[in-house]
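The values are calculated or read from the model by the stated rules, or taken from the named source; none is laboratory data. Being a predicted model, the structure only gives us computed values, none of them experimental. Quick reminder, even Gly has a Cβ in these numbers, built from the backbone with ideal geometry, and neighbours come from all protein chains shown. Side chains included, ligands, DNA and RNA excluded: accessible areas come from the protein's heavy atoms. Shrake-Rupley method; radii C 1.70, N 1.55, O 1.52, S 1.80 Å.
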Amino acid sequence: MRVGEFLASYPGDSGRVFEWIELRRQGDVWMGQVTGLGAEGATTHLRSRSGNDDGFIAELGATGAATAILDLKIVERGEGEMVLSGRRVQTGSSSEDGAMAAFMAEYDARVEIRTSAIHGHGVFARRDLAAGAVITVIRGEMTRVQTPHSARITDDVHCEPTGYLRYINHCCDANSVIDASDPARPLLRARRAIAAGEEINFDYIENEGEIVGGFACNCGAATHHI
Ligand SMILES: [Zn+2]
């Protein structure tokens, strides 16, 4: 079983919560850490009680003082890409059933999420990507509402992404582009060759036309149009 890093997203009390899960396997035990990508950004450690190639149940936090339990199933999704599904259960809750949050996690060997010079966290290529290559399938809830993180799929359908698209920063001279020519399976494609280590970005203005909330652009392009 390949190990790696996963972007997990699940519904929280006040909107969707995103975490970055780093995993490694030692014999029957899965080890790792979970880092919140929200404002709090706290990191907790993870250790499974047992596990196999199909999944595991892990405690988060110090042994004997777990703050949450992860119940994960691992689904291989073709070469270099993997999806986890499972539940996160907050311990010590008055209603543990109510605190169970189903979530999805994505692993894609082609990218990683780390701190960006443009803004907050960004998505970076781990290997060279050819011009036109599919970087990811855009997954999430399709709605009629545009938000600061949505991607326009058609004139009146926007996708609220559950995957790492949410962490891709805007650039006025973008190296990737949203290809919604099949609205049932929208894609992010490399617009030009992208070198390993480069931050992946797309043009929010080109995609959505107008930005909800707006922001001062720090993308590094020669000229800005935001
Ligand atoms: Zn810019």
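Working carefully through the options D13, D71, find the one that is modelled with pLDDT under 80, farther than 24 Å from E112 by Cβ and either of a type in the set (V, I, T) or not assigned by TED's automatic domain parsing to the domain that holds P148 (or both).
On the way: D71 fails: modelled with pLDDT under 80.
Result: D13 is the single residue among D13, D71 that is modelled with pLDDT under 80, farther than 24 Å from E112 by Cβ and either of a type in the set (V, I, T) or not assigned by TED's automatic domain parsing to the domain that holds P148 (or both).
Which numbered condition in (1) closer than 25 Å to G140 by Cα; (2) in a loop (DSSP other than H, G, I, E, B) is the only one that A222 fails?
Unmet condition: (1).
Tell me yes or no: at least one residue of region 143-155 is farther than 30 Å from S85 by Cα, basic (K, R) and in contact (Cβ under 8 Å) with a residue 12 or more places away in the chain.
No, the conditions are met nowhere in region 143-155.
If you take the residues in region 21-47 that are more than 20 Å from E112 (Cα to Cα), assigned to a strand (DSSP E or B) and open to solvent by 40 Å² or more (accessible area, probe 1.4 Å), which one is modelled with the lowest pLDDT?
Q26
Can you tell me which of N169, N175 is more than 25 Å from R16 (Cβ to Cβ) and within 20 Å of the chain's Cα centre (by Cα)?
Details: N169 fails: more than 25 Å from R16 (Cβ to Cβ).
That would be N175, the only listed residue that is more than 25 Å from R16 (Cβ to Cβ) and within 20 Å of the chain's Cα centre (by Cα).
Name, by its number, the condition in (1) open to solvent by 60 Å² or more (accessible area, probe 1.4 Å); (2) under 23 Å from F6 (Cα atoms); (3) within 15 Å of the ligand (Cβ to nearest atom) that does not hold for H149.
Tallying (1) open to solvent by 60 Å² or more (accessible area, probe 1.4 Å); (2) under 23 Å from F6 (Cα atoms); (3) within 15 Å of the ligand (Cβ to nearest atom), H149 fails exactly one: (3).
Here is a check on your reading of the model: is V137 within 14 Å of the chain's Cα centre (by Cα) and modelled with pLDDT under 90?
yes
Out of region 177-226, which residues are within 15 Å of the ligand (Cβ to nearest atom), polar (S, T, N, Q) and under 22 Å from L129 (Cα atoms)?
Scanning region 177-226 gives N201, N207.
All but one of (1) in a strand (DSSP E or B); (2) within 16 Å of the ligand (Cβ to nearest atom); (3) farther than 24 Å from Y10 by Cα hold for G122; state the number of the condition that does not hold.
It fails just one condition, (3).
Hey, could you check region 48-68 for residues that are assigned to a strand (DSSP E or B) and in contact with a Ser or Thr (Cβ under 7 Å, 6 or more places away or on another chain) and say which is modelled with the lowest pLDDT?
Step by step, filter region 48-68, then rank; the result is A68.
Is it the case that some residue within region 128-143 is closer than 25 Å to T35 by Cα, away from the ligand (no atom under 16 Å from the Cβ) and open to solvent by 50 Å² or more (accessible area, probe 1.4 Å)?
yes
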